[in-house]
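A.B. asks: There's a structure below that I have some questions on.
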Amino acid sequence: MQKQMFAAVFEGEGKLKIKKVPVPVVENEKDVIIKVDSVSICGTDVHIVEVPPGFIAKPGTILGHEISGSIVDFGKGVKSLNIGDRVVINPNEFDCTCDYCKLNQFNHCKDLKALGIGVDGGFAQFCKVSEIVCHKISASIPPDVAAFAEPLACVINAADKVKLQPGESVVIFGAGPIGLLFMKMFKLGGASKIIVSDLSEYRRKFALKLGADIVIDPDKENIQTIIKNAAPGGVDIAVDAVGSQIKNGIDCVKKGGRILLFGFNSKAEPKVKQSEITCKEVKILGTWLANATFPKAVKLIESDVLNLEELITETMSLNDIHKGIELLSKGQAIKIMINP
């Protein structure tokens, strides 16, 4: 195998550089070397390279964590995988021994190793992971579609918390990849009405094309008025896929409604009137990463019931990654796949 490869390395605030680095090699018995077939740009990657950053990563780290690939090497202790297996990766490696892992809360592991944030990720030709985070996927699935496994697993973990019932109504704040994955999941689950709010006209039009009942421009339209007319009393569920919409969520749900906080924005500090939560008996639910939901995500992808391919708006080489990040930061793309 080759000794050097190109990778997108985060070098500090606002700096992402394409450079030659050593190809990772097996060092421990549970190591697995993946040839990266496809890796998508996540909103987290966009936030990492913002100035100031909206999400913190370790300088010197290869970014990228939504990965599909093929196994090219592994350590002698690996028992469940073979050379050539197609896999998707849970980018958050847990130690299985801490108090949270013992409670099956692996996404809260005290020693979580985050691929593409704290350890080298997938914006490269090859990456190294551990056997425990590899999930086999059918070779018939296109690599770009398989790369949806990570965000889909996170959305499944989140959707399990709000437990949508057929006929319920939903508002989703944010029509990026995560918001649209929620929309697809809720439509599959029998939502009666789905309202989507986003600042980007491009993404609002995309949401309509994919089946949103109503789209809202929060800069020019009153969200509460539109929802009051569309769902008297409020919607059953509000999903914040942005990371700053808890106040809008409280205003938009009906009494006894549920608010799901998915988006992460460390710079947002919205003011919330706690008495409104009390009086309306609103349930506010946080959700973090995926937790034992990768097998479900793989099955959904293999079944093709979500038609994930229609979310892919651009496919690029590694050299074009800066263009992809810029498009996403402007809301002018949905899912951008990098083929290293």
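The values are calculated or read from the model by the stated rules, or taken from the named source; none is laboratory data. This one's a predicted model, so the numbers in the text were calculated from it and none came from an experiment. Here the Cβ positions follow ideal geometry from the backbone for every residue, glycine too, while neighbour counts run over all protein chains shown.
A.B. asks: Being buried (at least 19 other Cβ atoms within 10 Å of the Cβ), of a type in the set (S, T, N, Q) and under 21 Å from the mean Cα position of the chain (by Cα), is that true of even one residue in the stretch 244-251?
C.D. replies: Scanning the stretch 244-251 turns up at least one residue that is buried (at least 19 other Cβ atoms within 10 Å of the Cβ), of a type in the set (S, T, N, Q) and under 21 Å from the mean Cα position of the chain (by Cα).
A.B. asks: Do the conditions hold for LEU300, that is, is it surrounded by 15 or more Cβ atoms within 10 Å (Cβ to Cβ), over 24 Å from VAL235 (Cα atoms), in contact (Cβ under 8 Å) with a residue 24 or more places away in the chain and not assigned by TED's automatic domain parsing to the domain that holds VAL51?
C.D. replies: yes
A.B. asks: In the stretch 41-80, what count of residues is obtained for those that are among the hydrophobic types (A, V, I, L, M, F, W, C), more than 18 Å from CYS127 (Cα to Cα) and not in a loop (DSSP other than H, G, I, E, B)?
C.D. replies: We begin by selecting, within the stretch 41-80, every residue among the hydrophobic types (A, V, I, L, M, F, W, C); these are 41-42, 46, 48-49, 51, 55-57, 62-63, 67, 71-72, 74, 78.
Cutting the leftovers down to more than 18 Å from CYS127 (Cα to Cα) gives us 46, 48-49, 51, 55-56.
Imposing the further condition that a residue be not in a loop (DSSP other than H, G, I, E, B) reduces the set to 46, 48.
Final tally of qualifying residues: 2.
A.B. asks: So which residues in the stretch 145-199 are farther than 30 Å from LEU115 by Cβ and polar (S, T, N, Q)?
C.D. replies: Listed by number, the residues that qualify are GLN165, SER169, SER192, SER197.
A.B. asks: Next question, about the same structure. Evaluate the stretch 268-282: report whether one residue or more is assigned by TED's automatic domain parsing to the domain that holds PRO177 and touching a residue at least 40 places away in the same chain (Cβ under 8 Å).
C.D. replies: no
Matching residues to (1) surrounded by fewer than 18 Cβ atoms within 10 Å (Cβ to Cβ); (2) among the polar types (S, T, N, Q); (3) under 30 Å from ILE223 (Cα atoms):
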residue: GLY121; (1), (2), (3): no, no, no
residue: SER130; (1), (2), (3): no, yes, no
residue: ILE141; (1), (2), (3): no, no, no
residue: LYS163; (1), (2), (3): yes, no, yes
residue: VAL170; (1), (2), (3): no, no, yes
residue: PHE173; (1), (2), (3): no, no, yes
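A.B. asks: Under 7 Å between Cβ atoms, at least 6 apart or on separate chains: pull out the pairs that start in the stretch 55-75 with a residue that is over 22 Å from PRO151 (Cβ atoms) and in the same structural domain as ALA139 (by TED's automatic domain parsing) and end on any residue that is modelled with pLDDT under 95 and in a loop (DSSP other than H, G, I, E, B).
C.D. replies: VAL72/MET1
A.B. asks: Still on this structure: Scan the stretch 279-296 for residues that are among the charged types (D, E, K, R) and surrounded by 15 or more Cβ atoms within 10 Å (Cβ to Cβ) and jot them down.
C.D. replies: Across the stretch 279-296, the qualifying residues are LYS280, LYS283, LYS296.
A.B. asks: Turning to a different aspect of this structure: Which residue out of LYS79, LYS58, LYS110 is under 20 Å from ALA290 (Cβ atoms) and surrounded by fewer than 19 Cβ atoms within 10 Å (Cβ to Cβ)?
C.D. replies: LYS110
A.B. asks: Which of the residues belonging to the stretch 193-224 are under 19 Å from ILE312 (Cβ atoms), touching a residue at least 60 places away in the same chain (Cβ under 8 Å) and part of a loop (DSSP other than H, G, I, E, B)?
C.D. replies: Those that are under 19 Å from ILE312 (Cβ atoms), touching a residue at least 60 places away in the same chain (Cβ under 8 Å) and part of a loop (DSSP other than H, G, I, E, B): ASP198, SER200, LEU210.
A.B. asks: Could you tell me which numbered condition GLN165 fails, if it satisfies all but one of (1) over 18 Å from SER68 (Cβ atoms); (2) under 19 Å from the mean Cα position of the chain (by Cα)?
C.D. replies: Only one criterion is unmet by GLN165, namely (2).
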